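One structure below.
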Amino acid sequence: MFRSGHLKDDQLLECYYAGRTGEALDPRLADHLSTCMECNEQFDTITTFLDDIRTDAEEEADALFTAEHLRTQREHILDRLDQVQRPARVISFPRRDATPAQRSGGRVPPRWLAAAAAAGLFIGVAVGGYFGPERLLRAPGGSSPSRQMVVQPRPSPKPAVLVNSTQPTASDDDAFLMDLELALARPQPRELQAFDAMTPHVRDLR
Amino acid sequence: MSDVQPVRRNKPAPDSPEAPSTGARARTSVPPAAPSADTQLAIEIRSLVDSGAMDEARERFGELVAMHQRRALRIAYQYLRDAAEADEAVQDAFVKVFTHIGSYREAWPFEVWFTRILINGCLDRRKARARRDRWFVPSSDQDSGPETARETVGGSAPADPEARLLARERRDTLAAAIDRLDGRQRTVFMLCHYGDASPRDVSAMTGINESTVRVHLFRAVRKLRGFLGGTS
Ligand SMILES: [Zn+2]
C-alpha cells in the first residue's frame, strides 16, 4: 500500500520489529512516526494485529506446556543424555587372524536353508500379488496386522488436523529446504563458513 | 531443578544510527563484544565435555535447557501444531546440541545455533508427516476433529466452553492462515514473530540473505492481514 508522504506498511513493520528485537531504527522513520498522527494510527493498527497474534499463540502454547511439563521434559532430556553418554556395548567382531579354513569352512549353510528361502520368496510373491497395494490401502474394516503395517507406518501418530488444510505445504517446505541447502552450499565469507561447519545440515538431521 | 528465567540474547552490534534503513542494510558479521549468559554457559559445557567432566556438563546443560525450553516449545508447536510432536522435536534438538557441543563456536550466539537445529528438526518432521499423509488414507473413525487431533500435554484450557470454542476457532483460523504462507515466509514469520529473532538472526539461522528475510517477513504479515482481515 502506498500512502503519499507517509510511511508505507513495510516501513511501519520495520518499526514494529525493530521495537521488538531492539534493533536500531532508521531515525527518519522514527522521526516521522513520532510526529505524524495518521502514521501513528496505522502503526497502532498493525501493532494490535501482530501483538494479538503473538499473545494468542503464546497463551495457547503455554497452556499446553505447563511448568510441570517443562520440568518433566527437562528430566527426559537429561535421561536421554545419560543414554548417549553411556559407553556402547562392544560386540566382538570375528577375529581377523582366523585361518582361511576357519573363515570359509567353519559353517556351511545347510541345504534346507536355501529351500526355505525359496519357499518364503514364492509365498511372498503370491500373497503380494493377491493383496496389492491398492487393496491394502483401501480395504474396509478388518484388523490384519499386515494391513496396519502398510497403512500406518508410524505406530501411533494422530493426524495433525491443521496441516491438511492446504496441500502445498510439503512442497513449499521441500523448496525451502532445497533453497536452504543451496544457500549453504554457496561460497560464503570465512566467518560464515566456520559457522556453517559447526552446524548440522538439514541432510544430517534425518 | 528450578525454572531459570529466559536470558536476554546477545544481539549483534546494532547498526549505526546513520545507516539507511531501506530494508537492505549491510550485513555485519562482527559478533557482539560480550557473549550472553546462554552462550557463556554453552562454552562452559563444551569445556566440561572436553575435559571429560560429563556429570557436571550434564547438570549445567539442564540450566541451558531451562533457558531456552519455553521459547523452543512455542516455536516448535507453532510449526507442528501437535503438542506431542513439538515436545519430541524440542527434546531431539537439545540432545543433538549436547552431542554436538564440541562443534559449537562462540562466534555466533548460542541461540542462533540452537534455533537452527530446532527448525531443521521441525522441517524434517513436517516433511516426514507429509510423506506419511501421502500414504495414509484416514478411515471415518480416525477422522477426528481438532479436539482429539491436537494432543495436549497436561495443558489447561478456559473453563467456559463457549470461550474455549471461540479461542480454538480463532487459533485454528490463524494456524490455517499461517499454513497458507509459502515455506520460507512461514519460517521467517515464525522465527521473527514467535522466536523473537531479528531479521539478522533469522538470516544466520536459515542462510537466507538478511534483506530477503525482511522481504519474506513483510510479505508474510501482509498476507496474514489479508487472510485474517487485519488489513486497513
Ligand atoms: Zn505519516
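The values are calculated or read from the model by the stated rules, or taken from the named source; none is laboratory data. All values reported here derive from a predicted model rather than from experimental measurement. All Cβ positions, even for glycine, are placed from backbone atoms using ideal geometry, and neighbour counts span all protein chains on display.
Key figures for this structure:
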{"quantity": "Scope the stretch A:11-43; condition closer than 14 Å to B:ARG225 by Cβ and either within 14 Å of the ligand (Cβ to nearest atom) or not in a helix (DSSP H, G or I) (or both); matching residues", "calculated": "A:LEU12, A:GLN42, A:PHE43"}
{"quantity": "Candidate set from the stretch A:44-57 (those that are farther than 13 Å from B:GLY229 by Cβ, within 30 Å of the chain's Cα centre (by Cα) and hydrophobic (A, V, I, L, M, F, W, C)); member that is farthest from the ligand (Cβ to nearest atom)", "calculated": "A:ALA57"}
{"quantity": "Extreme residue, farthest from the ligand (Cβ to nearest atom), among residues of the stretch A:1-10 that are at pLDDT 90 or above and facing another protein chain (nearest Cβ under 8 Å)", "calculated": "A:ASP10"}
{"quantity": "Contacts under 9 angstrom Cβ, first residue in the stretch A:3-22 being over 15 Å from B:VAL221 (Cβ atoms), partner within 15 Å of the ligand (Cβ to nearest atom) and assigned to a helix (DSSP H, G or I), 6 or more apart", "calculated": "A:ARG3/A:ASP9; A:ARG3/A:GLU38; A:ARG3/A:CYS39; A:ARG3/A:GLN42; A:HIS6/A:HIS32; A:HIS6/A:GLU38; A:HIS6/A:CYS39; A:HIS6/A:GLN42"}
{"quantity": "Wholly within the stretch B:166-232, helices (runs of 4 or more DSSP H) carrying at least 1 residues that are at the interface with another protein chain (Cβ under 9 Å from one of its Cβ atoms) and small (Gly, Ala, Ser)", "calculated": "B:183-189, B:199-206"}
{"quantity": "Looking only at the stretch B:178-232, and only at residues there that are among the acidic types (Asp, Glu) and over 16 Å from the mean Cα position of the chain (by Cα), the one that is surrounded by the fewest Cβ atoms within 10 Å (Cβ to Cβ)", "calculated": "B:ASP182"}
{"quantity": "Selected residue (only one of B:ARG116, B:ARG105, B:ARG46 is crowded, with 24+ Cβ neighbours inside 10 Å, of a type in the set (Lys, Arg) and closer than 28 Å to A:GLN85 by Cβ)", "calculated": "B:ARG116"}
{"quantity": "Helices (runs of 4 or more DSSP H) contained entirely in the stretch B:34-142, each with at least 2 residues that are under 30 Å from B:ARG168 (Cβ atoms)", "calculated": "B:54-80, B:83-99, B:110-135"}
{"quantity": "Residue check, A:GLU14 at pLDDT below 90, at the interface with chain B (Cβ under 9 Å from one of its Cβ atoms) and surrounded by 19 or more Cβ atoms within 10 Å (Cβ to Cβ)", "calculated": "no"}
{"quantity": "Odd one out for A:ILE77, checked against (1) within 15 Å of the ligand (Cβ to nearest atom); (2) within 7 Å of chain B (Cβ to nearest Cβ)", "calculated": "(1)"}
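Condition check ((1) within 21 Å of A:THR48 (Cα to Cα); (2) at pLDDT 90 or above) across all residues:
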{"site": "B:ALA157", "(1), (2)": "no, no"}
{"site": "B:ARG186", "(1), (2)": "yes, yes"}
{"site": "B:PRO199", "(1), (2)": "yes, yes"}
{"site": "B:ILE208", "(1), (2)": "no, yes"}
{"site": "B:HIS216", "(1), (2)": "yes, yes"}
